[in-house]
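A single structure is presented below for examination.
The values are calculated or read from the model by the stated rules, or taken from the named source; none is laboratory data. This is a predicted model, so every value here is computed, not measured. Reconstructed Cβ throughout: ideal geometry from the backbone, glycine too, with neighbour counts over all protein chains shown.
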Amino acid sequence: MSVPPGSTSTPAGDAASGRDAAWIAYVLHAIGYLTTMIWLSVIGLVVNYVKRGDAGGGFVDSHHGWLIRTFWYGMLWYTLSFALLLSSAWPVIHAVLRNPTASGEWVLAWSTIFQMAGAAVFGVTGIVLTWLWLLYRLIRGCIQLANFRPVP
C-alpha cells in the first residue's frame, strides 16, 4: 500500500488517531521523572485519563493505560522506598529518647547505627530501582508508539 505524496495518513491509518496526545503524555512523564518535577507527570496523567478511549480501542489506548499504570505503580514504590528511608531515622530517635545520660549527651549503640544504615540502604536502593524501572517503561513505550504497536 503506497501513501500519496503530501498525504498525512500513517501506516496504521485511523488506529493512530490520538497519537499526538500520547507523545505529549510521554514527554510530560519523561520530564517529570527525569527532573523530579512530579507535577509534570501529574499533568501527563491527566492527559492520559482524558484521552484514554478517544482512539476507539486502537493501539494508542494501550499506551495511555501503560502510562497510567506506570505512574501509579511508580508512586507506590517511591512511597514505600521513601518510607523505608525515613524509617531509618527511628532507631536514632528511639535511642536518644530512651537513653539520656546524666551529662545530657547521648550514646548510640552499634546495633542502632547498623539498623539505621540498613534501612537507609534499602530505601535508597528502592528509589534507584524505581527510577530505573520508570525509565525502562518510558523508553519501551516510546519505541512501541513510534513503531505503531501497542504495549502490554
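Can you pull out every residue in segment 116-152 that is of a type in the set (S, T, N, Q) and either exposed (fewer than 13 other Cβ atoms within 10 Å of the Cβ) or farther than 24 Å from ALA21 by Cβ (or both)?
Across segment 116-152, the qualifying residues are THR125, THR130, ASN147.
Ok, one more. From the list VAL60, VAL47, which residue is touching a residue at least 60 places away in the same chain (Cβ under 8 Å) and touching a helix residue (DSSP H, G or I) at 6+ places or on another chain (Cβ under 6 Å)?
Working: VAL47 fails: touching a residue at least 60 places away in the same chain (Cβ under 8 Å).
Step by step, each of VAL60, VAL47 is checked, and only VAL60 is touching a residue at least 60 places away in the same chain (Cβ under 8 Å) and touching a helix residue (DSSP H, G or I) at 6+ places or on another chain (Cβ under 6 Å).
To continue, here is another question. What helices (runs of 4 or more DSSP H), lying completely within segment 1-113, carry at least 3 residues that are within 24 Å of the chain's Cα centre (by Cα), exposed (fewer than 13 other Cβ atoms within 10 Å of the Cβ) and modelled with pLDDT of 85 or more?
38-51, 59-87
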